Structure formats: structure tokens, C-alpha cells
Amino acid sequence: MILNKMILSVFVGLMVVSSVRADDQSSGCGLGWSVTKRNSLVSSWVRSMTNVTGSNTIAMTSGTSGCAKHDIVMKKSEAIHYAEANYQKLLSEVAIGSGEHLSSFVAILGCTGDASSLAAAALQKNYETLFPANQSSPSQLLEASSRTIYGSELAERCNSLNNG
Amino acid sequence: MNLMRTLKSFKMQILLVGFLLFINLKDSKATVDLSQSSENEKIIQISQSKEWKALLHYFENSTSEVLRESDFFLSPNGAENPLLELQATLKFFSQNENTEKLPLVGPLKLKPVCAFPARKTFLEKNGFQFKKTSCPDFEAFKNSLQPESLSLVFSTNYSGNPASLFGHTLIRMNHSKEGSLRDYSVNFAAAVPPNEIGLRYIPYGLLGLYPGYFQIAPYYMKVLEYNESESRDLWEYQLNYSKEEVAFWLEHLWELRWLSQFRYTFLMKNCSYQMNRSLEVIRPQLGTLLPVGNFYTLPGETIRNLKQKHPDLIGEIHFRPSHKRIFNHEQSLLTNAEKNELSHLLSDPVHRVSEVKNTKVLEAALQHLEYQKYEIQSEANEGLNQSLRELRVKRASLPPGQSFRPVPRPIDPTNQPDLAHGTRMVSFHSIFGSKDVSELSIRARAGIHERMDRDKGTDPSFSITFFDAEIAKAIERNRLRVRRFEIFQMSSWDPIKDNEFPLSWGGAVGWVPFEEANTFLALHSFFKVKGQIGFTLGLLPNHFLNFTSLLGADGNFDQKLSKNQKFLTTLEERMILRWKPNFKSALFFNAQSTASYQRISSQFGFESSYFFKEETAAKIRMTRINQSPFLFVSGNQFEIGISQFF
């Protein structure tokens, strides 16, 4: 069992490292990945008038933006994609200890049912140390969350990544 | 002799064999012809069926709406001839890939039978049989999505920004895990080149000069985009389709996503049009799911139309409130003392957060700062980031769990689109003037909402109308005149709330008629552009009593006008009282001044509208005109009218 946990932790660690690299290379899956900021009036006009798709369509088809070639986020990238898109919301919900975005996030990390609220509580409890002010980023959020979940007794309950 | 006899006999035998062969061949040919003819008849019949035409996106038209240059057709004439497309489809589906070279379709280079899974399902239901083929790409797509049901999702318009005028619709593919943000969504969008020149997208979008495509994206991206970033409510209408129907739609989505290309037009063949068209493929016998007879497709109206004409298709309605609505809701639940604490905290979050122990106040402050973060469009605002960080650390040190109840579905006023009034209006008016002649008029208007309309189903603080025209006939004189001709009007009067100061604004473009009392047909008019800006105070909650004040300018363009008349400064004051959801009254005061302030004219009065049926309203208006800048007339005017929406 301990060996399993170690293997899982190594896997998550590798995934996070590769995600960081992926994070540097692309802005995410498809159009709207950078919509965490509201668009300016003109660009918003463009989008509402036409619901613009730019070159993302092509990028997505060739699978270069972190998506599978069918527009579907690849399973192994889902956690980092999700953390990137919902970063602000996740930080707040982790601090509160509950919320819809957080539930989906811990589900991606394998925690569903009772394990979901236990994982949320564990993250909230260690918020300040898990998410230090000067190292804040989506990949860091994922890495710290994975470390907390898989490095504790929760690993048994959240035992398969992406099973949500 | 014997030889002769033998030869004769041989000849006879040949003739006999030949005859028998001929008979046999003839019979065999007849059999073939008969079966082919029945097969051909069947193919012709299927090619003309609603189901096949829907799959090719012909629907009720004689050609397909899919552009012929896209990969959607296996026959070169498939966009104009459903029979040729069916024949080509059957040919390529039946070909043996080991012995014959198959065309590879679309960007994923798929075998025809893998490129068109919905066509395959449809044809198999109609008795055709095809060799089993492995389609790993489509299988991966299907297994990743696995929708159990579909929801048609309406994103409300965004009144704080003129960009999001009409709202938007998309389809959510609901996976079995209820409420998961990890579901996927389908969207239809125009493809604008990344470096499009200036404002060219406006005429191009209106005239249909961009291609449009279906897109798929995680639903959380849509929630981020609409709910969070633009603070727009989402209304999710679950659709009552069976699992088999959803699976068939998914097969068709695969065809649309990779192979189709449409012409996008902003007003007509837009996102909502294509969402509904894609659904028509499921039950083509129902006919179109779109409103009939419009020259435009408005997203909210497509939902309203679906609910009215096909109520059986609509299941549960789920409301997903915008970030702003959640914040307002949370604020409304605070006591006065908590509101004061919140204001105190927000004035200096970093230093004052240590004083706060109330989780409600902390969470309301977090909502507010997150909203600000979306507003200022910057990740790198150090002060804001630090404030958020301190608030989160503090909140994390307190017991877990959200302090607020979820936002309830708004009851009144509500922007639930299926409850809105119709987008077309015709009204009849009697106008009585004390000095001018009395008139009868007829008015026609398109649009989502106007200030004095009932609010149910719309954003009560947003008005948008287009092609608003009115013709009046004098009762006692032989005179007909155009009383109004506005191309476009929109305005927003979102009231100021605690910690939120939205601007009210308005704008209109149209022609204003000169009133020339002695001409029979007064069609002389001048072109006018109008702009206003100001504020609205909510004097009672929930839009019961609002006061709006707007300063503005009118630009009038006509050679007949004097220099003074070409530019006017304006003031509009309006107080609207909403007695009931279907009954409103307003006091108004409008003033205009010429550029040199030599002439100031004003009108003030009272108006009221009462919807005695869902789509029928009675209206009255009394106006005191103290000189118009163009008419040189003063006097009272009384107007009554009846409006029918549809």
C-alpha cells in the first residue's frame, strides 16, 4: 500500500512538472483560455458580434494546445487545464473549504463522495503554507493539492487520478 | 447426308441452346432490373425524406446550409442534390477498403463511414447494411463525452457592455454526474482572421462574410466566460430526448464539428440558429424548432419559441447565477452592521482583515474583489492580489463551509427567457393635441425590451429595439406623416447599489420627421444620432422605483437645419414606478437646448402601461410640450394606445 502511494506521488509529481512545462508552451485548450480577464470593449464587440474563433480551431485540431485532437482535454492534462481556468475561483473556494469548482477539482484528483469534503477540509486547513504568496500559480496550486491529498491518509480514498 | 443431318442437328441444338440462353438471360435481366428499380425507388424516397435532408442541413430549403466547399459532402453536387449525396454515401460506405481506394475525409482523414456516423445509423435503420469498420477517433470522442442528456443554455445579455446585446445560446452535454463543471459544451461561432482589420468585422458579421463552425469546449470554460468574466446569468433548459436520440445527435455533432462550414450572419444564421438546427436532426418530423417569419434570430426568442411550441421537449430548468448576482445576493443577506463592516473592510482589506471574524463579511468581500479583478482585466494588480490573498488566508483560518445559502432562482423581476414578451410589436394609437390636430397612428417595432414593457423574462434595466416605425394620419385634415423611424435604440439604467456604481447610458440612430402641418405626406426628415450618459438610483429594491438622470447630445444631419439645430444638448429625467410586474407608470422630463442656448425646449408628462394579457398592453401618455426645437409649437398632447406583442 505504501509502495502504491509512493508510485502515485511520483506520478503526480511528474505530471505536475510536465504540466508546468505545458503551461509555458500553451495558453490552454481552445479559445477562451485567457478569459480570466474581461475583454476590452472592442475585443468584446468582436467576440459578441461574431463569437470569434481564431487560429485555435486549427491549433486544437492538431492537438498543439494541450487538447486531444477531438477538442477534448486529454485526461492527463485535465487537472492542470482545470486549475488554470478556475484558478481564482479555486483559491477562494479552498479558503472557504467548499464550493462547486472545488468539488470538481478534487474529483479530478480522484476524491468523490465523502472523500471530496475531507480533501476540501485538508486543503483549507493548510491554506497558508500550501499556497505561499510569492509562489502562487495554477501549477503550484495543483502540485500542493496533489501533495496534500496523496501524501495523507486521503490517498486511500482518492486512489485513482482522474476517476471523477 | 449424315454429315448434313449432323450439321443440321448441331445447328438446331445451337439455336435451342441460344434460345434457352436468351430466355434465361432475359429472365435474369428482368429480375435484376426489378430489384434495382425497387432499390432505386427506395433510394430516391430516402433522399427526399425529412430525416436525410435534415442530416444534410437542407431542412425546408432546396440546397444545404452547409457550404459546398466544406468536407461535408461526398458528392461534388451534394450541397444541391440530396439524391446524389445519398448515392455517393452508399457507394463509399459499401466499398471494400482492402480492394478499393477510399477517399479520406476532413482534417482527421477519416474513412467515409467513420466520418459520417449519424448517416450510417440512419441508413442502417432504413435497411442498409455495411461492413463493420473500426473508427477509433470517433470512439475516443464518444467515450470522452458520454452525454446522458442535453441542455440548451441561454446566457443573458450583458447590460454593462453594449457588446453582448442579444444574449447567446449553446448546448451543454450533461454527463451522468449531475452538476459537474467537467461536462462539455457545443457552440457555434464565426471564424474571424486573428488580425482582422479595424472594425471590418461589423459589416462582415452582418453581411455573412465569415464562415462559421461548431466548437466543443469544457463547460467550465463557458461558466468562466459568461458567469464569471462577464457576469451573465446562465439558464439551462434540459431537453427531453432519449439516450438513443442523444447518442444520434452526438454522432451528428461529430460530422458537424469536423466537416461542416457555414455562412455566419450576426442577425440571422448565428449561434442560436445553428444550435436549434442541429437539434432538428433528432426529430425532423417536428419541423423547424426556430421562430418562423423573422428576419432575425434572437437567442432568448429561440428558447421562448421552443417552450411555447414544443413544451414536451423542455424538462427541468436550472438557473446558474452570475458572479454579480451572487455578490448582490450575499450583500442583501447582510445586516446593516455587517454591511458597515464590509465597507470598512473593503476600504483597506490588507490592514483591516485582522479585525474581521465574520465569515459572511469575508466571503462577501472575496466576491467583491474577485469581481473587481475581472473588471480591471489584469492579473498583475499587486494591491488587489495582496488583498485577495489576505482575505483568503483569513477565511481559511475560520471553520469551513459556505456562509450563504445558494442564490435562489429570481422570481420577480427575472430574466428567464421563456417568460419574456414577444420580440415583435404592433400598436395602434389615438393622439389628441390641444393645438395640433388629432391623429390615429400605427407603429411596428422589433426588439427585446423597452422601458415601459413588462419586465418578466427580460433584463429590467436594459432596453434594445430596432426598426421602430410609426405612421400617423390626421383625423380632421388630409395629412399622413411618419411620426417615428428609428433604426436602432438601446439603453441601460442599472441602479447604483452598495459598493457598485454602474453608469446608465443610452443611444439611438434614426430619422426624425419634420412636422409640416400643411402638406399631405410629410416625409421630410433628418438623420439623428443620439447619445446619453448618467446614473440611476434604485429608490426601492427590485426595480420597484427607479430614478434616472441622463445628460446627452443629439447630432442632427440635414441641410434644412440651422447651425444651432444641428447640435443639441439634452437632459432626461425619469422616474419609473413598477406597481406590479405587469403595470408601470413613469414621470418624465426632457429638455433640449440649441448649441448657443438661445432656445431651450422641454416636454414633461406622465405615461403608464398595463399588460392585461401576457402579450397585450394598454398604454397612455400625457405630455406638456413647451416648445419643440423644430416645431415652434407648445401645447398638451394625450395619447392612448394598445400594443400586441408576438
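Can you give me the number of residues within the stretch B:326-379 that are outside any helix (DSSP H, G or I) and closer than 23 Å to residue B:234 by Cα?
Looking only at that region, the number is 2.
As an exercise: evaluate residue A:82 against (1) at pLDDT 85 or above; (2) within 30 Å of residue B:406 (Cβ to Cβ); (3) more than 8 Å from chain B (Cβ to nearest Cβ) and give the number of the one condition it does not meet.
With respect to (1) at pLDDT 85 or above; (2) within 30 Å of residue B:406 (Cβ to Cβ); (3) more than 8 Å from chain B (Cβ to nearest Cβ), residue A:82 is out only on (3).
Of all residues in the stretch B:318-375, how many are touching a residue at least 60 places away in the same chain (Cβ under 8 Å), β-branched (Val, Ile, Thr) and touching an Asp or Glu at 6+ places or on another chain (Cβ under 6 Å)?
Looking only at that region, the number is 0.
Looking at (1) closer than 14 Å to residue B:393 by Cβ; (2) surrounded by fewer than 24 Cβ atoms within 10 Å (Cβ to Cβ); (3) more than 8 Å from chain B (Cβ to nearest Cβ), find the lone condition where residue A:147 falls short.
Unmet for residue A:147, out of (1) closer than 14 Å to residue B:393 by Cβ; (2) surrounded by fewer than 24 Cβ atoms within 10 Å (Cβ to Cβ); (3) more than 8 Å from chain B (Cβ to nearest Cβ): (1).
Considering only the stretch B:117-137, state which residues are outside any loop (DSSP other than H, G, I, E, B) and over 27 Å from residue B:236 (Cα atoms).
B:117, B:119, B:120, B:121, B:122, B:123, B:124, B:125, B:136, B:137
Exactly one of these conditions fails for residue B:267: (1) buried (at least 23 other Cβ atoms within 10 Å of the Cβ); (2) farther than 18 Å from residue B:114 by Cα; (3) within 14 Å of chain A (Cβ to nearest Cβ). Give me its number.
(1)
How many of the residues making up the stretch B:189-215 are touching a Gly at 6+ places or on another chain (Cβ under 6 Å) and surrounded by 14 or more Cβ atoms within 10 Å (Cβ to Cβ)?
1
From the residues in the stretch B:513-552 that are over 30 Å from residue B:580 (Cβ atoms) and touching a Ser or Thr at 6+ places or on another chain (Cβ under 6 Å), which one is modelled with the highest pLDDT?
Residue satisfying both the conditions and the ranking: B:552.
Quickly run through the stretch B:138-158 and pick out the residues that are farther than 30 Å from residue B:464 by Cα and not in a strand (DSSP E or B).
Answer for the stretch B:138-158, where residues must be farther than 30 Å from residue B:464 by Cα and not in a strand (DSSP E or B): B:138, B:139, B:140, B:141, B:142, B:143, B:144, B:145, B:146, B:147, B:148.
Does the stretch B:477-490 contain at least one residue that is crowded, with 17+ Cβ neighbours inside 10 Å and under 30 Å from residue B:347 (Cα atoms)?
Looking for residues that are crowded, with 17+ Cβ neighbours inside 10 Å and under 30 Å from residue B:347 (Cα atoms), one finds none in the stretch B:477-490, hence no.
Which is within 11 Å of another protein chain (Cβ to nearest Cβ), more than 23 Å from residue A:123 (Cα to Cα) and charged (D, E, K, R), of B:339, B:373, B:394?
B:373
Under the condition of being assigned to a strand (DSSP E or B) and touching a residue at least 40 places away in the same chain (Cβ under 8 Å), which residue from the stretch B:550-561 is farthest from residue B:497 (Cα to Cα)?
Going through the qualifying residues, I end up with B:556.
Would you point out the residue of the stretch B:72-110, among those that are of a type in the set (A, V, I, L, M) and within 24 Å of residue B:40 (Cα to Cα), that is nearest to the chain's Cα centre (by Cα)?
Here the residue is B:79.
Inside the stretch B:568-628, counting only strands (runs of 3 or more DSSP E) that do not spill past its ends, which hold 1 or more residues that are modelled with pLDDT under 90 and of a type in the set (Gly, Ala, Ser)?
So the answer is B:583-594, B:600-613.
Filter the stretch A:95-106 for residues that are more than 7 Å from chain B (Cβ to nearest Cβ) and buried (at least 23 other Cβ atoms within 10 Å of the Cβ); which is nearest to the chain's Cα centre (by Cα)?
Across the stretch A:95-106, the extreme among qualifying residues is A:105.
Looking at the stretch B:81-101, can you tell me whether even one residue there is within 14 Å of another protein chain (Cβ to nearest Cβ) and either in contact with a Ser or Thr (Cβ under 6 Å, 6 or more places away or on another chain) or touching a residue at least 12 places away in the same chain (Cβ under 8 Å) (or both)?
no
Output the residue which, of all residues in the stretch B:53-70 that are buried (at least 17 other Cβ atoms within 10 Å of the Cβ) and at pLDDT below 95, is nearest to residue B:280 (Cα to Cα).
B:59
The values are calculated or read from the model by the stated rules, or taken from the named source; none is laboratory data. None of the values given here were measured: they were computed from a predicted structure. When we count neighbours, we look across all protein chains shown, and the Cβ atoms used for this are built from the backbone with ideal geometry, even at glycine.
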